[in-house]
1. Limited to segment 89-128, what total is found for residues that are open to solvent by 10 Å² or more (accessible area, probe 1.4 Å) and farther than 19 Å from residue 154 by Cβ?
2. In segment 58-76, what residues are out of contact with any Leu (no Cβ under 7 Å at 6 or more places or on another chain) and either open to solvent by less than 40 Å² (accessible area, probe 1.4 Å) or under 17 Å from residue 97 (Cα atoms) (or both)?
3. Is it the case, given these coordinates, that residue 142 is within 12 Å of the chain's Cα centre (by Cα), small (Gly, Ala, Ser) and not in a loop (DSSP other than H, G, I, E, B)?
4. I'm trying to understand the selection: among the residues of segment 129-174, which are within 16 Å of residue 88 (Cβ to Cβ), touching a Leu at 6+ places or on another chain (Cβ under 9 Å) and surrounded by fewer than 19 Cβ atoms within 10 Å (Cβ to Cβ)?
5. Here is a list of conditions, (1) assigned to a loop (DSSP other than H, G, I, E, B); (2) at pLDDT 95 or above; (3) out of contact with any strand residue (DSSP E or B) (no Cβ under 8 Å at 6 or more places or on another chain), and residue 101 meets all of them except one; can you say which number that is?
6. Report the residue count in segment 63-75 for those that are more than 27 Å from residue 155 (Cβ to Cβ), part of a helix (DSSP H, G or I) and either of a type in the set (Ser, Thr, Tyr) or touching a strand residue (DSSP E or B) at 6+ places or on another chain (Cβ under 9 Å) (or both).
7. I want to confirm something. Restricting to segment 13-30 and keeping residues that are in contact (Cβ under 8 Å) with a residue 60 or more places away in the chain and under 13 Å from residue 73 (Cα atoms), which single residue is most open to solvent (accessible area, probe 1.4 Å)?
8. Can you list residue pairs whose Cβ atoms sit under 7 Å apart, with the first residue in segment 68-86 being under 17 Å from residue 21 (Cα atoms) and the second being open to solvent by 60 Å² or more (accessible area, probe 1.4 Å) and acidic (Asp, Glu)? Count only pairs 6 or more apart in sequence or on different chains.
Amino acid sequence: EIEAVRDFCNLPERYYLYAGTIEPRKNVARIVRAWERIADESDAGLVIAGRDGWKTSDVYDAIRQSNHQSRIHRIGFVDDENLPVLLSGALAFAWPSLCEGFGLPPLEAMACGAPVITSNVSSLPEVVGEAALTLDPTDINALADAMLRVAKDDALRDDLRQAGLDRACRFTWDRTAQMTLESYRAALG
C-alpha cells in the first residue's frame, strides 16, 4: 500500500512529511527552511500534504527559494483512506506547530508508526510524552538537526516508532469518554 500511494503521488522512497492545513501557526515555512539546510546531507524528500488555509505566501516563498525545489512535493489534500498509508511510509512526521488545541496529527502519526518531530510548546509535549523529538518550533537549526538525526540514525528511528505506537495506544475513545464522565461527576460534586 505504501508503494502504491508513493507511486500514485510520485513521491520518493524516503520522505519527511507534513500533513495539515497550510497556515502560519502550523509553521510549514520553517519546515521547508529546515529541510533545505539538510537536503544535501539526506536523500529524503519533503512532502507537504494538506489544503491551503490562510497566509500561505511564506510557505510558497520558501519553496520557490529552495535550491532543491524538485525534491519538495506539494500534494494537496489527502483523504482519510490514504493518509495513514502516507504516514506509515514517512521517514518522519514533522509537526513543529506554534499552537495546538490538542495535537491530533502527531498522535495519528505515532499510531501509524511514523517517528514524530514536534514542538515543545502548547499541548504537544503532553500528547507525545517521551515518544517524539520535541524542540523549540522557532529554532530552524534545531528542527534541521532533528530531521537529520532521524534520517541517519536507524536505532533512533526504530525507538521513536515503537515509543510512538506504545504512546498512541494510551489514547482511546473509550478512555476519553470515561475521563470526561469522571470530570462531569467531579464538577457536580
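1. 16
2. Residues satisfying the conditions are 58, 59, 62, 63, 66, 68, 76.
3. Values: within 12 Å of the chain's Cα centre (by Cα): no; small (Gly, Ala, Ser): yes; not in a loop (DSSP other than H, G, I, E, B): yes.
When the stated conditions are applied, residue 142 does not pass them.
4. Result: 157, single match.
5. All conditions pass for residue 101, except number (2).
6. 2
7. Taking the candidates together, the pick is 14.
8. none
The values are calculated or read from the model by the stated rules, or taken from the named source; none is laboratory data. Since we're looking at a predicted model, the values are computed, not measured. Here the Cβ is made from the backbone with ideal geometry for all residues, glycine too, and neighbour counts use every protein chain on show. Remember, those area values only see protein heavy atoms, side chains included, never the ligands or the DNA or RNA. Shrake-Rupley method; radii C 1.70, N 1.55, O 1.52, S 1.80 Å.
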